[in-house]
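As structure tokens, the structure follows; a few thoughts come after it.
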Amino acid sequence: LHHVRKMHVEFLSGYDSVTIHGATATLPFEIRCDLEGGTVQNLGDMDAIAATVFQAVIHAFDFTELEEFAITEMRSNTRWTGFTRQIWMGMFCRMPSLRQFHITMDSCYDEGFSRSILSALSSPEHLPGQPLCPCLEDLFVVGDKTWSSLQCYTLAEERHKRGHPLKRVSMRLPHYASFANPDDTDLPLLRKYVEKVDLEPEDITFPDWPDTLLTN
């Protein structure tokens with residue numbers, strides 16, 4: 001698989017599985033990985049090994065041309081461990097062309113998942129003054145209770161100062177659920193550094209499967 005442009009890593013922890021949706025410039029692909037009973041006994045439940053699995057996924061692909069990336073967790077009753085700032089920094093270092101980043105969480109715990117992501121994106125690259133993912137323009141976040149609008153503000157401010165501003169921050173989060181208009185919240189403050197702030201994130205999309213594959 002060369003010239004990967006889009007990827008969505010979807011953890012189904014309740015079923016101990018990972019599904020990877022991706023696309024090159026023209027064609028989609030899909031990879032499904034399931035942990036069988038014996039494997040789970042040897043490695044641990046998905047919530048405990050997810051970060052290790054994620055690192056294996058990241059290092060299995062060339063993300064030099066990746067423009068859109070999404071990560072989704074669909075389990076609602078387990079605490080995640082291992083997704084540290086360093087893991088995210090290692091991922092973002094491999095994505096120099098990333099323009100859109102999607103986060104979707106369905107969890108009843110506040111384990112700091114998104115906060116480690118924001119912290120990583122606020123960190124400079126090994127080059128002085130160069131942020132990770134210098135092409136990043138859009139952040140889409142759904143459902144994560146750990147999201148901090150203050151930290152997002154700091155991220156937007158830092159990237160603006162370095163000459164790599166965010167163009168859009170879009171969120172559908174529990175603490176903004178009662179608001180149809182971002183102007184009724186603290187989010188207008190982000191407009192000082194972000195061109196568009198709204199509460200209607202877009203889904204990542206992929207090319208249609210070729211008819212020859214659908215009929216075989």
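Quick rundown of the values:
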item: Surface share of carbon and sulfur [accessible, 1.4 angstrom probe, percent] for region 142-216; result: 52 percent
item: Theoretical gain in end-to-end length, residue 186 to residue 148 [0.36 nm per residue, Cα-Cα removed]; result: 12.6 nm
item: Environment charge at residue 135 (Cβ cut-off 12 Å; Lys +1, Arg +1, Asp -1, Glu -1); result: -2
item: Separation of the residue 209 and residue 178 label points, Cα + 7 Å toward Cβ, nm; result: 4.4 nm
item: Cα centroid separation, region 54-73 to region 128-184 (Å); result: 20 Å
item: Residue-span extension gain [residue 84 to residue 202] - 0.36 nm each, minus C-alpha spacing; result: 39.9 nm
item: Förster radius 35 Å - calculated FRET efficiency between residue 31 and residue 167 (Cβ-Cβ, nearest 0.05); result: 0.70
item: Two-site label geometry, residue 17 and residue 99: point separation in nm, points 7 Å out along Cα→Cβ; result: 3.2 nm
item: Measure of compaction for region 142-186 (Cα Rg per 2.2 N^0.38 Å); result: 1.26
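The values are calculated or read from the model by the stated rules, or taken from the named source; none is laboratory data. Predicted model only: the values in this text are computed from it and were never measured. Note that we place each Cβ from the backbone using ideal geometry, even for glycine, and neighbour counts take in every protein chain shown. Ligands, DNA and RNA are stripped out before the accessible areas are found, and what is left, the full protein with its side chains, is counted by its heavy atoms. Shrake-Rupley method; radii C 1.70, N 1.55, O 1.52, S 1.80 Å.
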